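Notes to accompany the following structure.
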Amino acid sequence: KRGLAMMPIKFGMSFTAKFMNQASALVHVYTDGTVLVSHGGTEMGQGLHTKMCQIAASELGVPLSQVFVSETATDKCANTHPTAASVGADLNGFAVQDACKQITSRLEKYRHKDAKMAFKDIAMAAWLDRVDLSAHGFYKTPDLGFDFNSGEGRAFHYHAYGVCACEVEVDILSGDFTTLRVDILHDVGDSLNPAVDIGQVEGGFVQGLGLFTLEEMVWLKNGQLFTRGPSTYKIPTANDIPIDFRVRLFEDAPNRRTIYSSKGVGEPPLNLAISVPLAIKDAIASARKDNGLEGAFRIDTPLTCERIRLACGDPIMRQYAPTDILAKGSW
């Protein structure tokens, strides 16, 4: 059986704890024209360092190849906050920009002397003139403040939007399924790096697919965790990625509230994967209809092969279990 579902999202972008919406950066310009950037965000494969280098290169007017980044450390940027809530590029990007603008303002008079002067010559001239070529940048998200008791105020700096259509094929005899096609349109404002952001959308979706259909915590009666390794705890693999996976970034939608009119990405597209269990449920509903079962029915996540098979309610299953049986699980 095949199933189809769509899922829109509206995701609030900020830490709900107001004090966490801040970041710092430290930028050094060297006399050979190279730049070293330190910021409070943690690179975990999401391309944060790449975006920070791009911002520094743009602000200082140097090639990206001349900008380097040091790994996050509290002796460079103290009192950092978690790189989370999909706002790592927002917060740290503004902090890097702030530091670079300070340095740029100090170098302005040297640029005016000769518009064709290379950046390394500008840096050397400033250094010989005893100008500080280092700067500490800081940013805090403005206009935030939400009262959870009254429900008043601004909880998020802005929202990210997206929509996903998903088609699946379910083997009703085994409960196995294949994600045939996924189409995603996601809003990242004016993307800082489209290649990175598309990768984040794809990765976030597949991570969500695992969350909603594969990954399950199972404990034994003695309280021991049974699914504590890759042999029992299943994460998405190459075989679980949609066969036809189409991702497009929403165009001409600048977000004036954040760095270079961009929007954060990471967690929002994960939620688009809710379309996968909903598409599976659509296929299950068709199977149940063939077996004389109509109307609403319950599914739990993760929607594993076991749960899919039990929900189909066919004559084979009826010999051993009622049609409304639910597999035990952790959710």
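Laboratory data are not the source of any read-out in this text; all were calculated from the coordinates shown. These numbers come from a predicted model, not from an experiment. No Cβ is skipped: glycine too gets one built from the backbone with ideal geometry, and neighbour counts run over all protein chains shown.
Structure notes:
- Each helix, a run of at least 4 DSSP H residues, gives -39500 (n - 2.57); summed and divided by the residues of the chain, these come to -9500 deg cm²/dmol at 222 nm.
- Label zone at Phe245 (point 7 Å along Cα-to-Cβ), backbone N below 17 Å, the range 273-311: 273-277
- Using θ = phi - 60° and Karplus 6.51 cos²θ - 1.76 cosθ + 1.60, couplings along the range 174-182 (whole Hz; Gly, Pro as x): 10, x, 6, 9, 10, 8, 6, 8, 9
- Within the chain, longest stretch clear of exposed trypsin sites (Lys or Arg not before Pro) (DSSP loop, no more than 14 other Cβ within 10 Å): 1-115
- ³J(HN,Hα) computed for each position of the range 190-205 - Karplus, 6.51 cos²θ - 1.76 cosθ + 1.60, integer Hz, glycine/proline x: 8, 4, 5, 7, x, 5, 5, 5, 5, x, 5, 5, 4, x, x, 5
- Over 17 Å [Cα-Cα, the range 248-289], rounded percent: 55 percent
- Across the chain, Cα pairs under 8 Å and at least six residues apart give a relative contact order of 23 percent.
- Shape category assigned to the range 235-331 from the gyration tensor of Cα positions, a/c cut at 1.5: prolate
- Take every pair of alpha-carbon atoms less than 8 Å apart whose residues are at least six positions apart; their mean separation over the length of the range 7-79 yields a relative contact order of 32 percent.
- Descending Cα extents along the principal axes, the range 12-149, whole Å: 58, 29, 25
- Global geometry of the range 207-258, whether rounded, prolate or oblate, following the gyration tensor of its Cα atoms and the 1.5 cut on a/c: oblate
- Cα-only Debye scattering, the range 143-265: base-10 log of I(q)/I(0) at q = 0.18 Å⁻¹: -1.00
- Label of the coordinate-derived value, semi-axes √(5λ) of the Cα gyration tensor in Å, listed as (i) 50, 19, 18; (ii) 44, 28, 20; (iii) 35, 22, 19: (i)
- When you filter the GluC sites (Glu not before Pro) in the range 22-78 for DSSP loop state and at most 10 other Cβ atoms inside 10 Å of their Cβ, you are left with Glu71.
- Relative contact order (%) - criterion: Cα under 8 Å, at least six apart; region: the range 82-241: 13 percent
- Per-residue ³J(HN,Hα) for the range 288-298, Karplus 6.51 cos²θ - 1.76 cosθ + 1.60, θ = phi - 60°, Hz, x for Gly and Pro: 5, 4, 4, 9, x, 10, 10, x, 5, 8, 9
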